[in-house]
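Data block below; observations after.
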Amino acid sequence: MMFYTYILQSSKSHHFYYGHTKDLKSRFTLHNSGQVPSTKPYLPWKLVWYCAFETLNQAKDFELYLKSGSGKAFAFKRLISVALAKNAKLK
């Protein structure tokens, strides 16, 4: 079993949301169906980035890092900007 850390972007407000889960597809569906209170006001969401980990602790720890000041800087510079640039090229 794998565990995931992920980054979502609101198509409505362009906010970013950082999370972790053991079932990425199901969790993404929950976010976009309004069943997650913290993300409901910013529907719809798009998956910007995700990474698989072998343990739940690794996924949680990386999520916590991404929510820190240096983690947000890293995420924007190395994960989000790269992912968004790739998406722009595909359009």
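The values are calculated or read from the model by the stated rules, or taken from the named source; none is laboratory data. Computed from a predicted structure; not experimentally measured. Glycine gets a Cβ as well: all are built from the backbone with ideal geometry, and neighbour counts include every protein chain shown.
Across region 68-91, what is the number of residues that are surrounded by 14 or more Cβ atoms within 10 Å (Cβ to Cβ) and basic (Lys, Arg)?
The qualifying residues number 1.
Restricted to region 17-52, and to residues that are surrounded by fewer than 18 Cβ atoms within 10 Å (Cβ to Cβ) and hydrophobic (A, V, I, L, M, F, W, C), which residue is nearest to the chain's Cα centre (by Cα)?
By that ranking, first place goes to Leu47.
Between Lys46, Lys25, Lys60, which is basic (Lys, Arg) and assigned to a strand (DSSP E or B)?
Lys46
Residues in region 71-78: is at least one part of a helix (DSSP H, G or I), small (Gly, Ala, Ser), on the phi < 0 side of the Ramachandran plot and under 11 Å from the mean Cα position of the chain (by Cα)?
yes
Can you tell me which residues in region 1-59 are at pLDDT below 95 and of a type in the set (D, E, K, R)?
Lys12
Using beta carbons and a limit of 6 Å, which pairs, at least six apart or on different chains, have the first residue in region 8-21 and more than 11 Å from Asn32 (Cα to Cα) and the second one small (Gly, Ala, Ser)?
His20/Ala59
How many of the residues making up region 33-67 are more than 18 Å from Thr5 (Cβ to Cβ) and of a type outside the set (D, E, K, R)?
Residues that pass the stated criteria total 8.
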